[in-house]
Amino acid sequence: MTSRAHRPAHDDDCAQTESPVGGQEFPLPCQAVLFDCDGVLVDSTRDGERAWTRWAQRYDLDPARVLDGVHGRRSRETVELFLPPPRRADALARIEALEIEGARQTPPMAGAHHLLNDPPMPWAIVTSASTQLVHARLHAAGLPLPPVLITGDDVDSGKPAPDGYLEAARRLGVPIAACLIAEDSAAGVRAGQAAGAAHVLGIGRPALQTTATTVVRDLSGLRWTSTALRMRAESLLRPLPGSPQQVGKHRRNTQER
C-alpha cells in the first residue's frame, strides 16, 4: 500500500497548546497511529468474557482461570493453554462461533467514531482477534475498516511479540519509530514497546496496570493533526512524563514522604 508523504513535525505541532474546545493539550508526535481493537476502539470486554465463560463451562474448566489468560492473547493460544492437542480444533471453532455470536451488538468505545472520522494520517488496527471476529465487531460498532488490518491470523507470533505492529508499520510505509500505538492490555503494551514505537499510549483504566508511560481515560480526549496525536490534559489518567501534571504529582508525593 502506498501511504501519503510524511512531512517532518513543525515546532508548532509539537508544542503544548490550548485545545479548540478549551483546556491544555499535550502532543505525541507521530506519522501513523496503530490501534489495538478490543478495549480501545470497541467495547467488547463483556461480550468476550461471556463467550469465554460459556466456553470454559463446556470443557469443564474454571472460568476465572480462563479469563485471567485471555486478554491480549490470540484464541488459539488460550485454547492451547487449557486443552490437549486432540481437543483443540473443535474448541477453537467453538470459541470463535461464541464470540462472533456475541459481537452482534458490540458498541464503540467513547470517542472512537469522532477520532476515526476523516483521519489526517495513516492508521491501522493490530489485534489478537481473528479476521472474521474483528470485522463483526467493527461492523456492529459502526466503525470503518482501516487501511491496514493485522489480525491474529496474519502473524506467526501474537502479542506480546512485536510482529503484528512491525508488519502494520511496514504495510503503511511508515517507520515503526515514527508510529504511535494505542493499547489497553499488558501484552499489547509490551508488544508496542518491543516493536520500538515512538509512543505506546495506554487507553482506559485497565492500562494503568501496564507499563504504558502515559494513559488516557478513553479516546474522547484525543484529536490528531497531520503530525501528532494530541491529548487534552483532563483526559490523562497517568500524565505524560515531564508534563506539569506529572511534575506536580511527583512533588506532592515527595512532600508526603
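Quick notes on this one:
- Cut-off 11 Å between beta-carbons: net charge of the residues surrounding ALA186, Lys and Arg +1, Asp and Glu -1: +1
- Proxy reagent accessibility, fewest Cβ within 10 Å first, across ASP90, ASP153, ASP184: ASP90, ASP153, ASP184
- Added length on full extension, which subtracts the Cα-Cα distance from 0.36 nm per residue, THR213 to ASP90: 40.3 nm
- If R0 is 25 Å, the Cβ-Cβ spacing of SER226 and ASP68 corresponds to a FRET efficiency of close to 0.05.
- For the stretch 134-227, the gyration tensor built on C-alpha atoms gives a rounded shape. Its axis ratio a/c (a ≥ b ≥ c) stays under 1.5.
- Mean sequence separation of contacting Cα pairs (under 8 Å, at least six apart), scaled by the length of the chain, corresponds to a relative contact order of 24 percent.
- Around the amide H of LEU229, modelled in the peptide plane, lie the amide H atoms of LEU28, CYS30, all under 5 Å away and 5 or more residues distant in sequence or on another chain.
- Formal net charge of residues neighbouring LEU67 (Cβ-Cβ distance under 12 Å; K, R +1; D, E -1): +2
- Magnitude of the charge dipole, the stretch 45-104, Cβ model with Lys/Arg +1 and Asp/Glu -1, debye to 20: 60
- Only beta bridges with both residues in the chain are counted; by DSSP, about 40 percent of them are antiparallel.
- Computed [θ] at 222 nm, helices only, for the chain once each DSSP H run of length n ≥ 4 contributes -39500 (n - 2.57): -11000 deg cm²/dmol
- Distance (nanometres) between label positions extended 7 Å along Cα→Cβ at TYR59 and ALA97: 1.5
- Taken about its Cα centre, the chain carries a charge dipole of roughly 380 debye when the Cβ of each Lys and Arg holds +1 and the Cβ of each Asp and Glu holds -1.
- Comparing VAL40, VAL174, VAL155 in a Gaussian network model of the chain (Cα springs below 10 Å), the most mobile by mean-square fluctuation is VAL155.
- Charged neighbours of GLN57, selected by a Cβ distance under 13 Å, balance to +2 (K, R count +1; D, E count -1).
Every number here is computed from the coordinates shown, using simple stated rules; none is lab data. A quick note: this is a predicted structure, and the numbers were derived from the prediction, not measured. Note that each Cβ is placed from the backbone with ideal geometry, even for glycine, and that neighbours are counted across all protein chains shown.
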